[in-house]
Structures are given as structure tokens and as C-alpha cells.
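One structure below.
The values are calculated or read from the model by the stated rules, or taken from the named source; none is laboratory data. Computed from a prediction, not measured in an experiment: that's the story for all the values here. Counting neighbours? That spans all protein chains shown, and the Cβs are built from the backbone with ideal geometry, glycine included. Surface accessibility is based on the protein's heavy atoms, side chains included, excluding ligands, DNA and RNA. Shrake-Rupley method; radii C 1.70, N 1.55, O 1.52, S 1.80 Å.
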Amino acid sequence: MNFIRLRKNDLCIEKISANILAKKYETPFYCYSLSQLKNNFYSFNNAFRAIKPLICFSIKSNSNIALLKELKKMGSGADVVSAGELLRAIKAGINVKKIVFSGVGKTEKEIKLAIKNRVLLINMESENEAILINKISNKLSKITTVGIRLNPNISPKTHKKISTGGKNDKFGLNYNDLINLCRKIKNLKNLKLDGLSVHIGSQITSVKPFKQVLTMVDKIITKTKIDFKYIDLGGGIGISYSNKEKKFDLSQYAKLVSKFIKKNQTQIIFEPGRFIVGNTSVLISKVIYIKKNSNKYFIVLDAGMNNLMRPALYEAYHKIIPLKKNNNRIKGNIEFVGPICESSDKFLSQRNFPKIKEGDYVAITDVGAYGTVLASNYNMRPKIAEILVSGSKHKLIKKRQSLENLVNN
């Protein structure tokens, strides 16, 4: 179900007109639908209800504490990749026994923090990391539960910058190195090997690479003869940003995992991020200028790549729509751009866009994942506000950064 949609020619977030919000809050700002967040989480959970997985929301996709608190109420855990994310998850009230700590470059300070907070798993990505975790655990007189991250050399058809499971990617251990570490870890007395982890990338729209992952995980279990308590299958499930992208077949994936579970009695962990928050938000922006050159119109917005980095970083597509539907069209090529002094500060190029004028508002869609978390103060611009809508109510869940605060710090 889509809770952000057109109603009588008005874009609405649940029961509120986006145009009303645009006039109340200073643009640009992010606006989330709580109902969409709940719908996405429960849809994911229900698809796998037969195996009762532990869902650890990927905080790197969106770290807004108000959203994390809502996810905690739904029963979510957290996948974290830094001390900051770990502390944010704890502050949101998420049970530490539902937190997994991933990441290829954990510092000694971060490892200590994870051990002291007794997180469910620290997913190790190298033998040197295993040695360091054991050393720190020994000093703290702790036995630390860990997982080992596999690099399966499986490259899904996704953008090269968000692929994490290929042999040339920095993440995890290849098959042979992982098998060797499983043998050596018996000598690291302060580690308890409970998990096997794998994550192959983001925005994956085919089930095929996940099937390959399950086959390799099954092979490792047979080879090592280890009864892993947890198999962490990561996240990476994509969403449809445009009509050209196919929808991920969640039911087919659930059948594959269920089949795997029948053979290997273990607890499955998932780390979804984009699937849960991707389509929960729009970025509301105002048209500052409409500028024409010899072959196109530039629609200059007050939102820029400092607010939404994905188009500049990944060449990512985000649909842009006027807050009020208009059947009249601008004939010719148009390009939506921001105010940042970079040629890469552009969002979308297309033809025959609905006619708009300076001062009108537009919504950049599906920005709930990797939107605010990638934001910056580039060009000394304040970070923008975030709004949460529930039914006909709305509230500020992150204040706009003041210019004074930005300039003085």
C-alpha cells in the first residue's frame, strides 16, 4: 500500500496535503509517513513469519531517532556499523541482544564499546580483527559472541559502488580464508563463534544472487561442521524507484530461506534498510528559478546534493512530481538542479514535465533511505528539517540546523 500519493490532484502524505506542509515548514525538508514505515516493516516480517527471523534494521540507511523508536516498538533490532550508530540504537531503546555490529574497519574503541554493551554479535571481517577482539575481551575478562562475515564472490546486478560481495570488494573473508579462521578460532579462548554473516550489496532486485548465497552458506556449514546459532543474511533487497525496475519477489526469497532452515536448524537474521524506509519519505523543495538556455530549461531548486547525495554519488533516479497535478506541459528538455556550486548537483533530466513556475513546490520521491544520512554542510548550508506524518497529524522529528549554529561550530 502506498501512503504517499495523489488525492484529487494534491500530493498527500497520508491524510495531509503536502502543499499545506510546504507552507508551514521552511523548505527544503524531508517528510515521512509513519503508516508507510509500519506497512513496510510488517510486510517484510509477515513474508518470513514461518521462520521467525530477527530483523535488525540497518541504521546506516536512516538514523533518525524518532523512526528508530517506532521500529523498536514493532520489534526491530538494529544492524550498526559504528559507535555512533550503536549508541543511537541504544538511545532509541533497542535491546542490545537484538543488535549486530558489522563493518570492515571497527576501531579498538568501538570494539570495547560493543563488548561492554554485550551486543548480540560482532561480525568479524578479518583474522586480524578476530585477534584484536579476543585480546580486548581477555583484558575485559569477557567471552564475546562473534560472527564471521563471508565474501562469497557473488556480484549482483547493482551499482558498482553498492556491491559488497565481489572478490575485489573490501568486505568479509573469501571461502578458504573463512574456513581457515573457523579452525583457528578455537585457539582464541575469549571468543564464542555463534554466527555466519554475509551481505552482498544493496538495491538488489533479483532473488537469484540470494539463492547462490544460501548454497554457499550451506556448503560452509557442511565443510566446517559448525552448528552456527545465527545465520545473518544481511539486507540488500531493492525497491522500485521507477516503473522500469521490477519489484523484488519477497515470497520466492522466503521459500528459499524456509527450505534452507529445514536442513539447517538456525536463527536467521536479516538486516533490511532500504526496503523498510526507502519509500517512506519525500523531499519537499521550492522552485527558486527557471532558467532557459539554447536547448533546455534548468529548474533550480532550493534542495541540493548536500541534502540528497544519491543522484550525484550513484547516478540514482528519483522521480520528481509537482505537489499539485497539472495537465499542461513544458515542451522540451528540462533538468532539475540544486544551488550547490558543482556541475554534479542535479537530480533529474526529462522531457515534457508538468508546467511549473518559480515559487511552486515539488517532491523528490523515495528518499527515506540514504537521504539524510548522506547529507552534509557543503557550501556551508544548514542541514534540513525532518517531519513525520501520522494520519492527519504531523510533527517535527529533527529541527532544521540554524545558520548561526553552523557558522559558529
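Across segment 191-304, Cα-Cα distances exceeding 26 Å account for 41% of all pairs. Helix 175-184 and the longest principal axis of the Cα set of the chain meet at an angle near 50°.
In terms of the Cα gyration tensor, with a ≥ b ≥ c the square roots of its eigenvalues, is segment 1-120 rounded because a/c is under 1.5, prolate because a/b exceeds b/c, or oblate? Note, shape of segment 1-120 comes out oblate. Pairs of alpha carbons in segment 274-409 separated by more than 18 Å make up 57% of all such pairs.
Label-to-label distance for T107 and S376 is 2.0 nm, based on points extended 7 Å past Cα in the beta-carbon direction. Model label sites at L313 and D10, defined 7 Å from Cα along the beta-carbon direction, differ in position by 3.5 nm. Each Lys or Arg adds one and each Asp or Glu subtracts one; over the other residues with Cβ under 14 Å from the Cβ of V407, this totals +1.
Between Y175 and K135, full extension at 0.36 nm per residue minus the direct alpha carbon distance yields a gain of 11.9 nm.
Using bins of 10 Å that start at zero, the share of Cα-Cα pairs per bin across segment 83-237 amounts to 11, 40, 35, 13, 0, in whole %.
Of the Cα atoms belonging to segment 65-136, the radius of gyration and Dmax stand at 12.3, 37 Å. Over segment 44-89, the ratio between the Cα radius of gyration and 2.2 N^0.38 Å evaluates to 1.19.
At 0.890 mPa s and 25 °C, plugging the Kirkwood radius over alpha-carbon pairs of segment 296-344 into Stokes-Einstein gives what diffusion coefficient in µm²/s? Rounded, D is 200 µm²/s. Our note on the geometry: Cα centres of segment 40-97 and segment 108-155, 20 Å apart.
Here is the size of segment 308-388 from its Cα atoms: Rg then Dmax, 13.6, 38 Å.
For a label point 7 Å from the Cα of I143 along Cα→C-beta, name the residues of segment 181-213 whose backbone N is under 20 Å from it. Label zone hits: 182-196. The peptide list 208-219, 289-300, put in order of mean Cβ contacts within 10 Å with the highest first, becomes 208-219, 289-300. At a 1.4 Å probe, what is the % contribution of carbon and sulfur to the accessible area of the chain? Taking all protein chains in place, the chain shows 49 percent carbon and sulfur surface.
In Å, the Kirkwood hydrodynamic radius of the chain over pairs of distinct alpha carbons?
Taking every pair of different Cα atoms in the chain, averaging 1/r and inverting gives 22.6 Å.
Shown here: segment 19-75, whose C-alpha atoms stretch 46, 20, 17 Å along the first, second and third principal axes, sorted largest to smallest.
For N405 and K184, a Förster radius of 56 Å and the Cβ-Cβ distance give a FRET efficiency of 0.65, rounded to the nearest 0.05.
In this structure the chain gives 48 Å² per residue of accessible area when probed at 1.4 Å with all protein chains present.
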